[in-house]
1. What is the stretch 1-92 by shape, rounded, prolate or oblate, if you read a ≥ b ≥ c off the alpha carbon gyration tensor as root eigenvalues and call it rounded for a/c under 1.5, prolate for a/b larger than b/c, and oblate otherwise?
2. Compare the Cα positions of TYR97, ILE19, TYR166 along the charge dipole of the chain (+1 at Cβ of Lys, Arg; -1 at Cβ of Asp, Glu; about the Cα centre) and return the one farthest towards the positive end.
3. For the stretch 78-123, run through the trypsin sites (Lys or Arg not before Pro) and keep only the ones in DSSP coil with at most 16 other Cβ atoms within 10 Å of their Cβ.
4. Let's see if you can work this out: charge +1 on each Lys and Arg Cβ, -1 on each Asp and Glu Cβ, no other charges. What is the dipole magnitude of the stretch 1-92 about its Cα centre, in debye to the nearest 20?
5. When a/c reaches 1.5 or more, the comparison of a/b and b/c decides; with that in mind, is the stretch 94-198 rounded, prolate or oblate per its Cα gyration tensor?
6. Evaluate the charge dipole of the chain about its Cα centre and quote only its size in Debye, nearest 20, assuming +1 on the Cβ of each Lys and Arg and -1 on the Cβ of each Asp and Glu.
7. In a Gaussian network model over the chain where Cα atoms closer than 10 Å are linked, find which of ARG64, ARG21, ARG161 has the largest mean-square fluctuation.
8. Could you state, as a whole-number percent, how many of the C-alpha pairs of the chain are farther apart than 31 Å?
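The numbers here are math on the coordinates, done by the rules we state, and not lab data. Quick caveat, the model's predicted, so the values are computed rather than measured. Please note: Cβ atoms are built from the backbone with ideal geometry, for glycine as well, and neighbour counts cover all protein chains shown.
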Amino acid sequence: MWRDHLYVGTWNDEHGAEIHRFDGTTWEALVGGTASVPAGFGDPNDTGIFSLVEFEGAIYASTRNFITGFSVWRSFDDGASWQRVVDDGFSDPRQRYGWRLHVHQGQLFLGTWVMTTGDDAFRVGGRLYRSRDGATWVEEVGPFGSLAPPGFADDLNYGLRSLATYQDALFVGTAQCFFCDFPVTGAEVWRRDASCPE
């Protein structure tokens with residue numbers, strides 16, 4: 001929900017993802033379909049919209065892209081035009097999903113899903129990013145993480161799938177490969193409390 005409208009992102013492997021909004025009576029295409037912005041924001045490899053969130057007067061959308069890495073887009077004019085604020089998985093195409101966006105204590109957080117190739121395709125830890133303005137990002141969990149290495153030091157945590165605020169702390173839920181033929185240890189929940197450096 002944003003400004004009395006329901007926003008919905010789609011998944012389309014053939015033409016690229018779309019975004020639509022609903023005012024309680026009518027659906028309107030914002031990305032794809034009849035919108036002036038083409039599906040996938042002009043990239044048919046942006047096949048899914050994984051998260052939509054309002055932050056600092058704009059709506060943000062994160063995508064799924066298996067070729068060049070996910071992107072994040074924002075619109076300040078109710079979806080009429082869009083600006084890309086994250087490109088090609090932060091220049092790492094192995095970051096396939098911008099899995100979850102979440103606003104916490106006046107900042108925008110983003111959890112990602114990472115997949116490489118070969119035998120270790122699903123054993124690359126997910127990452128967590130933070131932004132004060134929606135355009136400049138700090139890596140908190142990842143190879144250059146200020147708080148933790150990828151996957152919170154467990155490469156089985158290939159994605160940071162859920163983010164939630166509870167009692168002034170940010171909670172991060174991980175995901176592990178449910179279909180792989182190697183043993184997994186199960187999902188985890190981590191807490192980033194108010195004492196973490198900003």
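1. oblate
2. TYR166
3. Hits after loop and neighbour filter: ARG94.
4. Once rounded to the nearest 20, the dipole reads 60 debye.
5. Taking the square roots of the gyration eigenvalues as a ≥ b ≥ c, the stretch 94-198 is prolate.
6. 220
7. ARG21
8. Percentage above 31 Å: 17.
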